[in-house]
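Shown next, in structure tokens, is the structure this report addresses.
The values are calculated or read from the model by the stated rules, or taken from the named source; none is laboratory data. Keep in mind that this is a model prediction, so the values were computed, not measured. Glycine gets a Cβ as well: all are built from the backbone with ideal geometry, and neighbour counts include every protein chain shown.
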Amino acid sequence: MENQRWQLRQGDELIGVLTLEAIDMFWTDCHFEPAPAWTRLKPLFDASRKAWQQGGAEAGLQADEALYTLSLRLVPDGEGETITDFLLRINGDSARFRY
């Protein structure tokens with residue numbers, strides 16, 4: 001799994017690249033490198049983080065649903081299958097996902 005990377009994509013558009021740093025139980029922790037398209041989606045991820053921190057479970061779940069409707073996918077560099085059903089958190093240059 002060393003140097004494992006995933007391209008975060010929406011359709012054909014590259015949103016960013018996640019590089020594996022560690023696996024913590026159910027979550028995969030990564031370094032996040034944004035692509036230019038990230039600026040369009042960043043406010044939604046910021047709102048999700050804020051909802052979970054300040055709004056509680058109901059607000060957090062609604063924010064996660066909004067992200068899910070974006071039809072994002074994680075496309076591995078090299079071998080592996082594309083991941084289409086996952087939770088994703090991005091904060092600065094840190095990202096974590098579970099699927």
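Odds and ends about this structure:
- Per the listing GLU13, GLU21, the residue uniquely acidic (Asp, Glu) and out of contact with any strand residue (DSSP E or B) (no Cβ under 9 Å at 6 or more places or on another chain) is GLU13.
- Note on the range 1-86: enclosed strands (runs of 3 or more DSSP E) holding 2 or more residues that are of a type in the set (A, V, I, L, M), closer than 14 Å to PHE97 by Cα and under 12 Å from the mean Cα position of the chain (by Cα) are 13-24, 72-76.
- Residue that is in contact with a Ser or Thr (Cβ under 7 Å, 6 or more places away or on another chain) and either within 11 Å of ALA95 (Cβ to Cβ) or surrounded by 14 or more Cβ atoms within 10 Å (Cβ to Cβ) (or both), where the choices are LEU41, LEU8, LEU20, LEU14: LEU20
- Filter result for the condition that a residue is surrounded by fewer than 15 Cβ atoms within 10 Å (Cβ to Cβ), modelled with pLDDT of 95 or more and among the aliphatic types (A, V, I, L, M), over ALA66, ALA35: ALA35
- A search for C-beta distances below 8 Å between a residue of the range 33-55 that is farther than 30 Å from ASN3 by Cβ and any residue that is polar (S, T, N, Q), counting only pairs 6+ apart in sequence or on different chains, returns ALA51/GLN62.
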